[in-house]
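The values are calculated or read from the model by the stated rules, or taken from the named source; none is laboratory data. In this text, all values refer to a predicted model and were calculated from it rather than measured experimentally. Cβ placement follows ideal geometry from the backbone for every residue including glycine, while neighbour counts extend to all protein chains displayed. Areas reflect the complete protein model, heavy atoms only, side chains present, ligands, DNA and RNA absent. Shrake-Rupley method; radii C 1.70, N 1.55, O 1.52, S 1.80 Å.
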Amino acid sequence: NVNRYINEQRHIPNSLLPIIARELNISVDELLDGELIEKKVRFVPVTGTASCGGTEINHLQDENKQAYYNGDFWKQSLYCVIANGDSMSPEIDDGDEVIIDPDVPCQHGDMVYYKIDGESAIKVLAIDKEAHIMQFVPYNSSETFKTKTIRLDDEETIERLTYHKVVSVNKLKFNNRAARLKLIGR
């Protein structure tokens, strides 16, 4: 409904600019034709999917898929994964685009994307130095959504582990009907 914005002379929301530009096969700058925007929208490559409770292994087929990042901290190393499942709902829902920064050191309490032995997921990093463990904890624990625990002194496992900080989430409103219904108890 871009015509509605144009006909009513309303400001087009920044979240629609990348979608419109992508459909017209032009850059956001070309679309704006020099109009000043507060934050420059940049594209980030989508590298795959990440479990958020879903059972599917990386099923992304589109090698050229991109997500937009509307932040001040854009850099070349950012990448995106598509959430699969709802163990991190309501913050991340099935189908949301999750922007990851591999250069930021992860700390206790950060939301992270981790990979180990072909498994990948988005969880909250919890480090307990007294117990000598690190855990990757879902918001919604259940038989399906489990916590991953790794001993800090298990060097062999830690060598196979990578984890990077989640820095942004593109909420795709058409994907999270189940989350909205869950929030209202339906």
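Between SER142 and ILE184, the modelled label-to-label distance comes to 2.0 nm, taking each label 7 Å out from Cα in the direction of the beta carbon. Averaged over residues, the count of other Cβ atoms within 10 Å places the peptides 100-110, 131-141, 41-51 in the sequence 41-51, 131-141, 100-110, highest first. One decimal place: the segment SER77-LYS65 gains 2.7 nm when fully extended, by the rule 0.36 nm per residue minus the C-alpha distance. The trypsin sites (Lys or Arg not before Pro) found in region 85-134 that occupy coil by DSSP, while having at most 14 further C-beta atoms within 10 Å, are LYS129. What region 67-178 shows is 53 Å² of accessible area per residue, with the surface traced by a 1.4 Å probe over protein heavy atoms.
Gain on full extension, evaluated as 0.36 nm per residue between ILE133 and GLU155 minus their Cα-Cα distance, stands at 6.7 nm.
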